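Read the structure below first, then the notes.
The values are calculated or read from the model by the stated rules, or taken from the named source; none is laboratory data. Owing to the predicted nature of the structure, the values given are computational and were not obtained by experimental measurement. All Cβ positions, glycine included, derive from the backbone under ideal geometry; neighbour counts span all protein chains shown. The protein model used for the area step is the full one, side chains on, heavy atoms only, and it has no ligands, DNA or RNA in it. Shrake-Rupley method; radii C 1.70, N 1.55, O 1.52, S 1.80 Å.
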Amino acid sequence: MNNIYNITREELEEFFINNNEKRFRAIQTFEWIYKKRIKSFEEIGNISKNTIEKLSNNFSFYTIKIIKIEKSKEVNKYLFELEDGNNIESVLMFHDYGISLCISTQVGCSMGCSFCESGRYGKTRNLYTYEMVQQILEIEKDIDKRITHVVLMGIGEPFDNYDNVMKFIRIINDPKGIEIGARHITLSTCGIIPKIKDFGNEGLQVNLAISLHAPNDELRNKLMPINKVYPIKELIESIKEYINKTNRRVTFEYVMIKGINDTKECALELSKLIKGINCYVNLIPYNDNNYDGYESSSDCEIMSFYDILKCEEINVTIRKKFGDTITAACGQLRSKNMEEL
Ligand code: SAH
């Protein structure tokens with residue numbers, strides 16, 4: 001049976017029309033699901049018994065389960081168990097501008113970036129749309145507040161699960177659904193060029209972030225194997241095309257790893273590479289995971305790197321360090337849980 005949270009409003013409308021029901025009933029049903037957060041179709045007040053039966057025969061409300069929560073002042077970390085027993089995690093951050101949730105898109109990841117915990121055990125499978133939607137719904141239930149921002153920066157590569165991720169974005173962005181504004185949604189990718197092109201054609205106002213992490217192929221090949229398939233020059237070209245098409249500013253994420261990609265030469269090379277592009281650089285202090293031998297650049301090294309970019313007139317910010325006390329960097333809670341088993 002299909003899960004109801006896999007279904008976009010358009011698909012639900014189609015289902016209603018194919019079953020000789022009115023389109024507006026589908027819209028109402030969608031609102032009952034996402035605005036009133038019903039847990040069975042019987043709770044719907046204004047549709048016929050017959051329709052309720054049809055819905056119940058076709059769609060389930062199965063929910064993924066929170067099995068562990070680590071809470072601190074600014075960050076909550078959730079470990080979920082999926083229907084098939086796999087685990088994923090989400091990280092909730094309380095900012096002054098709102099509450100943002102970092103969600104997972106896959107069980108594991110096959111991109112194999114050398115500094116990233118999520119790829120350590122490879123990829124088990126893609127998440128279904130409902131498993132992404134429910135990370136939001138279950139956590140909103142836990143905190144009894146609305147999540148205002150969603151970032152697709154948890155476990156997995158969103159563009160390696162393209163179709164399910166696009167459906168997820170449409171459901172949470174839908175004014176009749178969870179209604180998170182497109183500009184409050186950020187998708188982060190390691191740089192799968194054909195999907196960057198597709199994404200540019202979706203007509204969405206969602207923010208795009210690119211995990212760059214190195215200014216040249218030699219270094220990026222070492223940190224991110226995907227670069228051997230989609231090298232930097234072509235990646236930058238595809239981003240320029242994306243910006244031309246969408247008129248949206250992109251973010252380059254750059255993890256600061258001591259002695260590896262944080263030198264003055266790297267900063268200058270990076271500035272040259274992206275000069276003139278409508279973008280900003282987000283410097284991310286490397287979050288130590290104790291297994292890859294890397295260390296974070298010091299605050300002073302990060303500031304020096306920042307200053308060079310500024311001098312070169314590149315827009316740059318430093319990401320606030322969240323969650324390192326509660327194993328909240330990508331994939332770390334899940335790994336910890338696997339080690340404990
Ligand atoms: N696969 C996507 C999204 C998930 S990773 C991507 O590659 O963009 C989200 C971000 O966290 C990426 O920029 C990733 O490179 C970064 N990241 C991974 N491990 C990290 C670590 N140990 N410390 C800091 N950032 C890390």
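Data table
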{"read-out": "For the chain, accessible area per residue (1.4 Å probe, heavy atoms of protein chains only), Å²", "value": "45 Å²"}
{"read-out": "Loop-resident sites, the stretch 249-308, for chymotrypsin sites (Phe, Trp or Tyr not before Pro), counting at most 12 other Cβ within 10 Å (DSSP)", "value": "291"}
{"read-out": "Distance from the stretch 161-179 to the stretch 62-79 (C-alpha centre basis), Å", "value": "22 Å"}
{"read-out": "Cα gyration tensor category, rounded, prolate or oblate, for the stretch 2-60 with a/c compared to 1.5", "value": "rounded"}
{"read-out": "Two-site FRET efficiency, residue 2 against residue 201, from Cβ-Cβ distance with R₀ of 35 Å, rounded to 0.05", "value": "0.85"}
{"read-out": "Reachable lysines from residue 73, criterion Cα separation under 22 angstrom, eight or more residues apart if same chain", "value": "141, 145, 320, 321, 336"}
{"read-out": "The chain - mean residue ellipticity at 222 nm from DSSP helices (-39,500 (n - 2.57) per run, n ≥ 4, rounded to 500)", "value": "-11000 deg cm²/dmol"}
{"read-out": "Unit Cα scatterers, Debye sum, the stretch 60-184: log10 I(q)/I(0) for q = 0.09, 0.15 Å⁻¹", "value": "-0.23, -0.66"}
{"read-out": "Residue-wise HN-Hα coupling along the stretch 86-96, computed from phi with Karplus coefficients 6.51, -1.76, 1.60 (Hz; x: Gly, Pro)", "value": "5, 10, 9, 9, 9, 10, 9, 10, 8, 9, 6"}
{"read-out": "Residue-wise HN-Hα coupling along the stretch 287-294, computed from phi with Karplus coefficients 6.51, -1.76, 1.60 (Hz; x: Gly, Pro)", "value": "9, 5, 10, 6, 9, 9, x, 7"}
{"read-out": "Isotropically averaged projected area of the stretch 65-340, using the convex hull of Cα atoms (one quarter of hull area), nm²", "value": "13.7 nm²"}
{"read-out": "Per-residue ³J(HN,Hα) for the stretch 106-123, Karplus 6.51 cos²θ - 1.76 cosθ + 1.60, θ = phi - 60°, Hz, x for Gly and Pro", "value": "9, 8, x, 7, 9, 7, x, 4, 5, 9, 10, 5, 5, x, 4, 9, x, 9"}
{"read-out": "Protection-proxy order for peptides 116-122, 195-201, 210-216, each taking the mean of Cβ atoms within 10 Å per residue, highest first", "value": "210-216, 116-122, 195-201"}
{"read-out": "Whole-percent carbon and sulfur share, accessible surface of the chain, 1.4 Å", "value": "48 percent"}
